[in-house]
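Trainee: One structure is given below, represented as C-alpha cells, and several questions about it will come after.
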Amino acid sequence: MTGTKTEQKKLIGTVLSAALQLWLRSQVEGVESLKVHVGGGNRSLLKGSIPTVSVSARAVIYQGLHLSQVVLGSSGIRINLGQVLQGKPLQLLEAIEVDCDLQILASDLNASVSSPLLANAITELLESRLPLTEGTLENLQLRLNSDRLTLNADLITDTHGAIAFSLDSQLQRMSSTQLLLHQPYIKADPLISGTVLESIPIELGTDVDIEDLSISEEQLTLRGKIWVNP
C-alpha cells in the first residue's frame with residue numbers, strides 16, 4: 001500500500017467504516033439510519049485490530065424486534081483486514097464485548113410482539129405458569145407505565161371462547177442475565193377473577209449483561225453489554 005501513513009489510515013478507516021456498515025446491516029432486517037465511527041492508530045489498524053468502534057442507529061429491526069435507538073461501542077476488534085481491503089465481507093476473528101444502550105418505545109413493543117420470537121416467548125413463559133387447564137393467548141398488546149408492564153390479550157378457550165386477559169406487573173432487573181416480572185396480577189373473567197402469581201424470571205442468556213433497566217410511559221431503556229461471537 002502506497003501513500004503517507006495519514007493517507008493509509010484515512011483509507012483504511014474509510015474502508016473499515018463502510019465494511020462495518022455493510023456487516024451491521026446484514027445482521028438486521030431493517031435500519032433507518034446507521035452511523036459508524038472507527039478510531040485507532042495506524043499500527044493497530046494495519047494489523048487488522050480496530051482499537052475503538054462506536055455505532056449509532058435508529059429504527060432497527062432485529063429478529064422481528066423493533067428498537068427506536070441503539071448506541072453501541074466496542075474495542076480491540078480483530079477482523080480479516082486483508083480480505084476486507086480486497087473487497088471481501090468483513091468477518092470477526094474472535095468474540096467481542098459490546099457496550100449497548102437500547103431505547104424501546106411502547107410502539108416498538110407492540111410492533112415487536114407480533115414477531116414469532118417475542119410472541120412465542122411470552123406465550124410459553126405465561127402459559128406454563130397460568131392457573132388454567134385450557135387456553136392459548138392471542139392478539140397480544142403491551143403497555144408501559146412507570147416501572148411497570150401491562151399485557152392485554154385474548155385468551156382463547158374451548159368452553160368460553162375468547163376471553164379478555166390482562167397481566168400487570170413490575171418489570172425489574174433481577175441479575176445481569178435475568179429480568180423479573182414481580183408478582184404479576186392476572187385477570188381473565190370468568191376463569192380468573194384476579195390472582196397474584198409468583199414472580200416470573202425471564203432468562204436473557206449468558207451472552208447478555210444487563211446493568212440498568214428503566215421504564216417510563218414513553219419508553220423502556222436497557223443498558224449493559226452483549227458478547228458477539230464470530
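The values are calculated or read from the model by the stated rules, or taken from the named source; none is laboratory data. What you see is a predicted model, and the numbers here were worked out from it, not measured in a lab. These accessible areas exclude ligands, DNA and RNA; they are computed on the full protein's heavy atoms, side chains included. Shrake-Rupley method; radii C 1.70, N 1.55, O 1.52, S 1.80 Å.
Trainee: If you compute log10 I(q)/I(0) by the Debye sum over Cα atoms at q = 0.10, 0.16 Å⁻¹ for the structure shown, which of (1) -0.44, -1.07; (2) -0.57, -1.09; (3) -0.65, -0.94 do you land on?
Mentor: Checking each listed value against the structure points to (2).
Trainee: For the range 134-230, divide the Cα radius of gyration by the Kirkwood radius and give the resulting Rg/Rh value with two decimals.
Mentor: Values: Rg = 15.8 Å, Rh = 14.9 Å.
Over the Cα atoms of the range 134-230, Rg/Rh equals 1.06.
Trainee: To continue, here is another question. Lys pairs in the chain, Cα-Cα under 27 Å, at least 8 apart or on separate chains: how many?
Mentor: Summing the qualifying lysine pairs gives 14.
Trainee: Enter the per residue convex hull volume of the range 69-115, computed from alpha-carbon coordinates, in Å³ rounded to the nearest integer.
Mentor: Cα convex hull per residue, to the nearest whole number: 129 Å³.
Trainee: Given a 1.4 Å probe and every protein chain left where it sits, what share in percent of the accessible area of the chain is carbon and sulfur?
Mentor: Values: 6410 of 12650 Å².
The value for the chain is 51 percent carbon and sulfur by accessible area.
Trainee: Then there's this: What's the extension gain from residue 183 to residue 86 if we count 0.36 nm per residue and subtract their Cα-Cα distance?
Mentor: On the way: separation 97, 0.36 × 97 = 34.92 nm, distance 5.61 nm.
My answer for the length gained is 29.3 nm.
Trainee: Contact order normalised by length for the range 82-148, with contacts defined as Cα pairs under 8 Å and 6 or more residues apart; what percent is it? Could you put the intermediate results ahead of the total?
Mentor: Details: 20 pairs, mean separation 21.8, N = 67.
Relative contact order, the range 82-148: 32 percent.
Trainee: Which whole-number value in Å² is the accessible area per residue of the chain, probe 1.4 Å?
Mentor: Ligands and nucleic acids excluded, the result is 55 Å² per residue.
Trainee: With N set to the residue count of the range 24-151, report its C-alpha Rg divided by 2.2 N^0.38 Å to two decimal places.
Mentor: Values: Rg = 19.6 Å, N = 128, 2.2 N^0.38 = 13.9 Å.
The range 24-151 yields a ratio of 1.41.
Trainee: Note the angle between two axes, namely the Cα long axis of helix 5-27 and the longest principal axis of the Cα atoms of the chain, as a number of degrees from 0 to 90, rounded to the nearest 10.
Mentor: Approximately 20 degrees, to the nearest ten.
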